[in-house]
Structures are given as C-alpha cells and as structure tokens.
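Q: Once you've had a glance at the structure underneath, I'll fire off some questions.
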Amino acid sequence: MIDAGAVARRIDAVRDRIASATSDPGSVRLVAVTKGFGPDAVAAALAAGIVDVGENYADELVSKADGVGSGPGPAVPRWHFLGAVQRNKVARLAPVVDCWQGVCRVEEGRTIARRRPGAVVLVQVDVTGGAGRNGCPPAEVPDLVAALRAEDLTVDGLMVVGPPGPPEGSRAAFRRVADLADRLDLAERSMGMTDDLEVAVSEGSTMVRVGRALFGDRPPRPGGPGR
C-alpha cells in the first residue's frame, strides 16, 4: 500500500534535487512513473500536485486511466506512454495517452496518427547503439521528425534513456540530445531518471521521468513482463 504522505515528501525531495541542478527549476516537468504500482500510486502523485504520470505497459496505463476516471478537474493526470510502441496496442492507448515518449519509427507514428491525429509525440534517441535498445540513431532523427510531422503528429521534442553506469557517464549523451533538439528547434528534452536526473537537468532536460525515488522499488510483476 502506498503511503501518500511519504510520496509527497519524496516529491519535495526530488524537486529539491532538480532545483540544485538548474537556476530555473520551474522549467522542468516531473513525470511520476507508476510502472508496477497500483492506482494508489497515481492517486498519491495527484494529491501531491503531480500532473504528469508515466506508464511503460499498455495494460497498466489503460487500467489505471479507467480507475482514475476521465472527468474534468485536477484529479485527471496527463498520461505519458513511455514504453516501446507496439502497433497492436495503439487502438487501446490512443484515447487516453497525452504524450507518446517512445516513438522511433515512422510506422509507429503512422499508426498513432491514424487513431489520434495531431497526437503529441517525442522521438526516442538511441545514443548507445547497443543491442536491444529502443530508439532512433541520432543521424536519422531529423528525417524521422519531418516524416512524423508529415503524418499529422505534433513532435514536441526528444527523449533519451541514459547509458547504464554511473550518472556522470550519461552527461555526453544528454548533451548530444539537447544539442540535437536545439538544432531541430524542439522545445522538450525528456532526459533523466532517478539516478541521473541532476546530470540531465544540468544539460538542459525539460522533463524527468522518476519512479523509484517517489515510490520505492517496484514489486515483481505477476505473470512476467507482458505488456
């Protein structure tokens, strides 16, 4: 069971970390990643003033969105889908997702646009080239941004997952993505998570995706990693 008071204190602590890394902390959005936790985690984040909520798994996002409700007012989160886009899941996600943060192929964008024209997307950049890493190679990002816009999507910015290892090891990757966003005149840079958010913010992140620092370690998922 999530302790809402503890979550509120942890949110304050994360905001302090953000403020320590930038002179303009108000320019950095905090996305609460509730992957693996129940609807009570979403409720605790909303009660503490968080608007942006992120999920990696389609089934969890749809279920939690149904649980929270869709009426007007501050209790309705802005949902970010953070996982790899599986085209067979888009139809269920499209009515509730406000920002797609893992688009790395034009075919994915085309499927989203078919279900929700004008949807807001971020292009995920792969700065490591490692096997199994989701994302678009940096050299191909300009063409992908243009192609997604041609599909009637709103490309707001770029997203990146820092390479594994010490936080400082992510600095070059974050700087490269921020520079690429500047060259493409994209406002949003979704960079940084629990361990490396200070490095990301100092390199120009406008959005950090934080789960463990707010809710603790994720419980094991029943039935494995199905999405």
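Please treat every number below as a calculation from the coordinates, not as lab data. Only a predicted model underlies this, so the values are computations on that prediction, with no experimental measurement involved. Methodologically, a virtual Cβ is constructed for each residue, glycine included, from the backbone with ideal geometry; neighbour enumeration extends over all protein chains shown.
Q: Give the range 80-109 a look and list any residue that's in contact with a Leu (Cβ under 7 Å, 6 or more places away or on another chain), assigned to a helix (DSSP H, G or I) and closer than 24 Å to A139 by Cβ, or say none.
A: V106, G109
Q: Would you confirm, using the coordinates I've provided, whether I11 is more than 16 Å from the chain's Cα centre (by Cα), more than 27 Å from V85 (Cα to Cα) and buried (at least 22 other Cβ atoms within 10 Å of the Cβ)?
A: No.
Q: Continuing with this model, one more query. For residues in the range 150-171 being touching a residue at least 40 places away in the same chain (Cβ under 8 Å) and aliphatic (A, V, I, L, M), which is farthest from E198 (Cα to Cα)?
A: That would be L153.
Q: Out of L61, L30, which single residue is without any contact (Cβ under 8 Å) to a residue 60 or more places away in the chain and either part of a helix (DSSP H, G or I) or under 22 Å from L158 (Cβ atoms) (or both)?
A: L61
Q: Okay, moving on. Return the residue satisfying two criteria in turn: it lies in the range 14-51 and is touching a Lys or Arg at 6+ places or on another chain (Cβ under 6 Å) and closer than 15 Å to M191 by Cα, and of such residues it is surrounded by the most Cβ atoms within 10 Å (Cβ to Cβ).
A: Step by step, filter the range 14-51, then rank; the result is V33.
Q: What are the pairs with Cβ atoms under 8 angstrom where one residue, in the range 182-199, is touching a residue at least 60 places away in the same chain (Cβ under 8 Å) and within 11 Å of M159 (Cα to Cα) and the other, located anywhere, is of a type in the set (D, E, K, R) and buried (at least 16 other Cβ atoms within 10 Å of the Cβ)? Sequence gap at least six, or different chains.
A: Going by the 8 Å Cβ cut-off, the qualifying pairs are E188/D156; S190/R209.
Q: Suppose we filter A146, A113, A139 for residues that are aliphatic (A, V, I, L, M) and touching a residue at least 12 places away in the same chain (Cβ under 8 Å); which single one remains?
A: After ruling out the rest, the residue left standing is A113.
Q: Within the range 103-133, can you find the residues that are over 17 Å from L180 (Cβ atoms), surrounded by 16 or more Cβ atoms within 10 Å (Cβ to Cβ) and not basic (K, R)?
A: Within the range 103-133, V106, E108, G109, T111, I112, A113, A119, V120 qualify.
Q: Only helices (runs of 4 or more DSSP H) wholly contained in the range 116-227 count here; list those with 3 or more residues that are closer than 21 Å to T34 by Cβ.
A: The qualifying helices (runs of 4 or more DSSP H) are 212-215.
Q: Those residues that are hydrophobic (A, V, I, L, M, F, W, C) and farther than 28 Å from S202 by Cβ, I need them from the range 1-40; list them, please.
A: M1, I2, A4, F37
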